[in-house]
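Here the structure is laid out as structure tokens; the discussion comes afterwards.
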Amino acid sequence: MARLLITGGAGFIGSHTCVVLLEAGHDLVVLDDFSNSSPVALDRVQELAGRGLQCIKGDVRDEAALEKIFADAETTGAPIDAVIHFAGLKAVGESVADPLRYWDVNVSGSRALLSAMDTHGCRTLVFSSTSTVYGEPDTFPLTETTPTNPVHPYAQTKL
């Protein structure tokens, strides 16, 4: 099975994903700053899955922390095989009130993560985006070829 880094793994979607991945036999390293979640969620994840995971409190923008995560995994002989990236800010109204914070966390955080992945040869990424990148489309269902039209900073940072 794979060793996976889950950023934002204590959040709602992240924690549910962690349960499924643990049950499938994967080894997980979770990075979360707990600004929109709680470490208690990961305790519950481990109870439900009947398996442990490695939890690291940290910010996805922290290049040194990301470097340490990847380097430590390599040192143990079990490098990070892939990343599932859920970390980021997600409130539309808050993004309008403080757009620079959203650009910093969502874009700079993703950039720092991609840089660490590149340094360590990790080439597999699942990125959690949002349908808000399409704005108010004329047709449904949405596809990856649907034109994008992000109308607020949150959607712009996810695009």
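At a probe radius of 1.4 angstrom, the accessible area of the stretch 76-159 per residue rounds to 58 square angstrom. Sequence-distant contacts, meaning Cα pairs under 8 Å at least 6 residues apart, place the relative contact order of the chain at 23 percent.
Excluding ligands, DNA and RNA, what is the solvent-accessible area per residue of the stretch 1-69 at a probe of 1.4 Å, expressed in Å²?
Working: 3400 Å² over 69 residues.
Counting only protein heavy atoms, the per-residue value for the stretch 1-69 is 49 Å².
Rounded, prolate or oblate: which fits the stretch 95-159, taking a ≥ b ≥ c as square roots of the Cα gyration tensor eigenvalues, rounded meaning a/c under 1.5, else prolate when a/b beats b/c?
Judged from the Cα gyration tensor, the stretch 95-159 comes out oblate (a/c at least 1.5, b/c at or above a/b).
Nearest 5 percent is fine: what portion of the DSSP beta bridges confined to the chain is antiparallel? Bridges in the chain that DSSP calls antiparallel: roughly 0 percent.
A straight line joining the Cα centroids of the stretch 71-115 and the stretch 119-159 runs 15 Å.
Summarise the accessible area of the chain (1.4 Å probe, protein heavy atoms) by the percent that is carbon and sulfur.
Details: 4700 of 8560 Å².
C and S fraction of accessible area: 55 percent.
The candidate values were (1) 145; (2) 120; (3) 180; the one computed from these coordinates for volume of the Cα convex hull per residue in Å³ carries the label (2).
Summary value for the stretch 1-67: 34 percent relative contact order, contacts being C-alpha pairs under 8 angstrom separated by 6+ residues. Rank PRO99, PRO141, PRO39 by mean-square fluctuation in a GNM of the chain with C-alpha springs under 10 angstrom and give only the top-ranked residue. Highest fluctuation of the listed residues: PRO141. The overall shape of the stretch 25-64, judged from the alpha-carbon gyration tensor, is oblate: a/c is not under 1.5, and a/b is no greater than b/c. Considering only ALA87, ALA97, ALA116, the mean-square fluctuation computed in a Gaussian network model of the chain, springs between alpha carbons under 10 angstrom, is largest for ALA97. Return the calculated 222 nm mean residue ellipticity for the chain, to the nearest 500 deg cm²/dmol, obtained by summing -39500 (n - 2.57) across DSSP H runs with n ≥ 4 and dividing by the residue count. Estimated from H runs of four or more residues: -11000 deg cm²/dmol. In the stretch 80-132, the alpha-carbon atoms span a convex hull of 66 Å³ per residue.
The values are calculated or read from the model by the stated rules, or taken from the named source; none is laboratory data. Remember, it's a predicted structure, so these values are computed and weren't measured experimentally. In case anyone asks, the SASA skips ligands and DNA or RNA and just uses the protein heavy atoms, side chains included. Shrake-Rupley method; radii C 1.70, N 1.55, O 1.52, S 1.80 Å.
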